[in-house]
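Chemist: Pasting in a structure now, in structure tokens, and then I'll have a few things to ask.
The values are calculated or read from the model by the stated rules, or taken from the named source; none is laboratory data. Being a predicted model, the structure only gives us computed values, none of them experimental. When we count neighbours, we look across all protein chains shown, and the Cβ atoms used for this are built from the backbone with ideal geometry, even at glycine. Only protein heavy atoms, including side chains, enter the accessible area calculation; ligands, DNA and RNA are left aside. Shrake-Rupley method; radii C 1.70, N 1.55, O 1.52, S 1.80 Å.
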Amino acid sequence: MDQEDSRSCEVTLCDEDGSAAGEVRLHRSKDGKVHFETERLVPVRALDGARTLLVAEEEVPSLLWVLKAEPTARFREAVTWRVMAELARRHPGHVSVREMHGGGGQYDELRLYPRPAPEGCSFFISLNLQGSAHFGRVEQEPWRSFWSDYVGAEDPKDIVDELERRSGLMSAGGHVSESSLPASTPDVLTIRAIASLLAPTAFERERWSCVSGYLDTSGYGGGLRRELFEAFPLSKARLCEHLDDDMLGEAAYRFWFILRGGEPRLAFEETGLVWDRHDEQLNLVARRKAVGSLARVVPELARRL
């Protein structure tokens, strides 16, 4: 738009097949800013679901592209694991991460539960990869703009802090700082390692994912994912070991499998044990102690994928 042009104009966003994906109305304000108004504002500095946005004129071309974008399933999975890893890191020994499929099996969720989790207990937080953030507190409304707010956040820590606040997880001492984080327990190390491995896959063409050893669904077909344990015989042998805090008394809940294109590549147990496709075993706790940090262990795991 010309510097002196105070009129509004409309821009039609099109998908690759040429079909209309939405319209954006642009207005110039007196201060030289360009005013966006759209029914489909995806999270570029989104303000709690606001439908308008003020940006510098030079940002217009890139924003017109981003406005039509939606976070991919790969991106959402990586973000979900990163958020859950941070929450678990702040509350070691008090929470556990579980894969759930509510809504008749239609939802794809990671939930944060109290640890141990007695039968019938409510979760703290549920991140639905196909929807919103939900909370176990009945008085707390779902965070429907969670995904857009996360993408638009200057610092993802602010989003994690807000999840804690809304869920009631916030400790009396306030937000946990990086310098005051408690020591990670074996289960927290496991979740952190999975999150670190999935983070670089968010923008790859092939789908990477991580699934539980137990398919917990309110639809049909739930139960032990036997085919995953069959791929890692040593993990299968560990199923007979029952721990006091196994969810619902089911050992399979504490196992996780990283998949590439649907094929299992690594198996994890929340005791800190990891197995690769050759059934070679690594102990996260011992290995981190040997090399000094989890960040140094993750590349070793990546080479086993």
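Chemist: Are any residues in the range 118-135 over 14 Å from the mean Cα position of the chain (by Cα) and modelled with pLDDT of 90 or more, and if so, which ones?
Modeler: Scanning the range 118-135 gives 124, 135.
Chemist: Of the conditions (1) farther than 24 Å from residue 201 by Cβ; (2) not in a helix (DSSP H, G or I), residue 267 clears all except one; give me its number.
Modeler: (1)
Chemist: While we're on this one: Quick check on my filter: what residues within the range 293-305 are open to solvent by less than 60 Å² (accessible area, probe 1.4 Å) and not in a helix (DSSP H, G or I)?
Modeler: Residues satisfying the conditions are 293, 305.
Chemist: Only one of (1) within 18 Å of the chain's Cα centre (by Cα); (2) modelled with pLDDT of 95 or more; (3) over 21 Å from residue 98 (Cβ atoms) fails for residue 203. Which number is that?
Modeler: (2)
Chemist: Next question, about the same structure. State whether one or more residues within the range 171-183 are open to solvent by less than 30 Å² (accessible area, probe 1.4 Å), touching a strand residue (DSSP E or B) at 6+ places or on another chain (Cβ under 6 Å) and more than 15 Å from residue 81 (Cβ to Cβ).
Modeler: No, that holds for no residue.
Chemist: Can you work out which of the residues in the range 210-236 that are open to solvent by less than 20 Å² (accessible area, probe 1.4 Å) and not in a loop (DSSP other than H, G, I, E, B) is farthest from residue 264 (Cα to Cα)?
Modeler: The selected residue is 223.
Chemist: Identify all residues within the range 76-117 that are within 12 Å of the chain's Cα centre (by Cα) and of a type in the set (Val, Ile, Thr); write none if there are none.
Modeler: Those that are within 12 Å of the chain's Cα centre (by Cα) and of a type in the set (Val, Ile, Thr): 79, 80, 83, 97.
Chemist: Taking the range 288-302, which residues are over 23 Å from the mean Cα position of the chain (by Cα) and at negative phi?
Modeler: 288, 289, 290, 291
Chemist: Hey, can you tell me all the residues within the range 90-141 that are closer than 18 Å to residue 214 by Cα, of a type in the set (Gly, Ala, Ser) and either open to solvent by 40 Å² or more (accessible area, probe 1.4 Å) or not in a loop (DSSP other than H, G, I, E, B) (or both)?
Modeler: Once the filter is applied, which keeps residues that are closer than 18 Å to residue 214 by Cα, of a type in the set (Gly, Ala, Ser) and either open to solvent by 40 Å² or more (accessible area, probe 1.4 Å) or not in a loop (DSSP other than H, G, I, E, B) (or both), the range 90-141 yields 96, 104, 120, 126.
Chemist: List pairs: first residue in the range 237-257 and open to solvent by 20 Å² or more (accessible area, probe 1.4 Å) and part of a loop (DSSP other than H, G, I, E, B), second residue modelled with pLDDT under 95 and of a type in the set (Lys, Arg) anywhere in the structure, Cβ distance under 9 angstrom, at least six positions apart or on different chains.
Modeler: 245/115
Chemist: From the list 176, 160, which residue is modelled with pLDDT of 90 or more and either among the β-branched types (Val, Ile, Thr) or part of a loop (DSSP other than H, G, I, E, B) (or both)?
Modeler: Going through 176, 160 in turn, just one is modelled with pLDDT of 90 or more and either among the β-branched types (Val, Ile, Thr) or part of a loop (DSSP other than H, G, I, E, B) (or both): 160.
Chemist: For the range 65-86, indicate whether the set of residues that are basic (Lys, Arg), modelled with pLDDT of 90 or more and closer than 27 Å to residue 272 by Cα is non-empty.
Modeler: Checked against the condition, which is being basic (Lys, Arg), modelled with pLDDT of 90 or more and closer than 27 Å to residue 272 by Cα, the range 65-86 yields at least one hit.
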